[in-house]
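Student: Sharing a structure with you now.
The values are calculated or read from the model by the stated rules, or taken from the named source; none is laboratory data. No experiment lies behind these values; they were computed from the predicted model shown. When we count neighbours, we look across all protein chains shown, and the Cβ atoms used for this are built from the backbone with ideal geometry, even at glycine.
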Amino acid sequence: MKTLKKFWTVLFVVLAWTVSAPAHAALAVIVNPDNSMAGITAEQAADIFLGRVGVFPNGQRAIPVDQSTGSPARRKFYQSVVKKEGSALKVYWSKLLFTGKGQPPREVGDNADMKSWVGNNPDAIGYVDGKFVDKTVKVLLIIP
């Protein structure tokens, strides 16, 4: 009987912790459903978002699109994939802009805006919180 009571107590604590723990949703790197790519590596995505390459690995034009500065998805994407954030990213783009060698990605707003923009632009690549993924976009990479 004591063992059963202990089991239920532990189960209750675990369930309470699981429900109250903050959700850390996966991030999805997305493209238009018509894009022929089946997947992409984090390094390939970083190269596109940093303006190092302007095409997908299959040769199709790639237009990177960012969420608004300060959005949680943008912060997670740049920390996890690009490995640059904040002032380091500003310095990076300032140098490219000054030399005329690149432009930062266009900003489109939040997850819903990103999904809509990418879903309507065949060359676009962006990222959204995983819960926003549906048939209007295609996932190339999941970032846990």
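Student: Being in contact (Cβ under 8 Å) with a residue 40 or more places away in the chain and among the small types (G, A, S) is the filter; apply it to segment 49-70 and report the residue that is surrounded by the most Cβ atoms within 10 Å (Cβ to Cβ). Steps first, please.
Tutor: The initial filter retains those residues of segment 49-70 that are in contact (Cβ under 8 Å) with a residue 40 or more places away in the chain, namely 49-51, 56, 60-68.
This time we only want the ones that are among the small types (G, A, S), so: 51, 62, 68.
Working: G51: 16, A62: 23, S68: 13.
Within segment 49-70, the match that is surrounded by the most Cβ atoms within 10 Å (Cβ to Cβ) is A62.
Student: Among the residues of segment 75-97, are any of a type in the set (S, T, N, Q), over 14 Å from L140 (Cα atoms) and over 13 Å from the mean Cα position of the chain (by Cα)? Outline the logic, then answer.
Tutor: Restricting attention to segment 75-97, the residues satisfying the condition of being of a type in the set (S, T, N, Q) are 79-80, 87, 94.
Now drop any that are not over 14 Å from L140 (Cα atoms), which leaves 79-80, 87, 94.
Within this subset, residues satisfying the condition of being over 13 Å from the mean Cα position of the chain (by Cα) are 87, 94.
Taking every residue of segment 75-97 in turn, at least one turns out to be of a type in the set (S, T, N, Q), over 14 Å from L140 (Cα atoms) and over 13 Å from the mean Cα position of the chain (by Cα).
Student: Could you count how many residues in segment 89-144 are closer than 20 Å to L27 by Cα, surrounded by fewer than 17 Cβ atoms within 10 Å (Cβ to Cβ) and basic (K, R)?
Tutor: Going through segment 89-144 one residue at a time, the tally reaches 3.
Student: Something else: Give me the residue from segment 112-144 that is in a strand (DSSP E or B) and not β-branched (V, I, T) and, out of that set, nearest to P57 (Cα to Cα). Steps first, please.
Tutor: Step one: list which residues in segment 112-144 are in a strand (DSSP E or B), which gives 124-129, 138-143.
Now drop any that are not not β-branched (V, I, T), which leaves 124, 126-127, 129, 138, 140-141.
On the way: A124: 14, G126: 16, Y127: 18, D129: 24, K138: 16, L140: 12, L141: 14 Å.
Step by step, filter segment 112-144, then rank; the result is L140.
Student: For F77, work out the one condition from (1) crowded, with 19+ Cβ neighbours inside 10 Å; (2) part of a loop (DSSP other than H, G, I, E, B) it doesn't fulfil.
Tutor: (2)
Student: Something else about it: Could you count how many residues in segment 47-67 are farther than 18 Å from K90 by Cβ and out of contact with any Pro (no Cβ under 6 Å at 6 or more places or on another chain)? Lay out the reasoning, then the answer.
Tutor: Within segment 47-67, the first condition is being farther than 18 Å from K90 by Cβ, and the residues that meet it are 47-48, 53-63, 65.
Checking which are out of contact with any Pro (no Cβ under 6 Å at 6 or more places or on another chain) leaves us with 47, 53-63.
The number of residues fulfilling the criteria is 12.
Student: A further question follows. Return the residues of segment 67-112 that are within 26 Å of V133 (Cα to Cα) and of a type in the set (S, T, Y); say none if nothing qualifies. If you could, list the steps in order and put the result at the bottom.
Tutor: Just the residues of segment 67-112 that are within 26 Å of V133 (Cα to Cα), to begin with: 67-85, 104-112.
Hits for segment 67-112 are S68, T69, S71, Y78, S80.
Student: Separate question: Would you check if I48 is farther than 17 Å from P144 by Cα, at pLDDT 50 or above and either touching a Gly at 6+ places or on another chain (Cβ under 8 Å) or in a helix (DSSP H, G or I) (or both)? Walk me through how you get there before you give the answer.
Tutor: Working: farther than 17 Å from P144 by Cα: yes; at pLDDT 50 or above: yes; either touching a Gly at 6+ places or on another chain (Cβ under 8 Å) or in a helix (DSSP H, G or I) (or both): yes.
Yes; evaluated as a whole, the condition is true for this residue.
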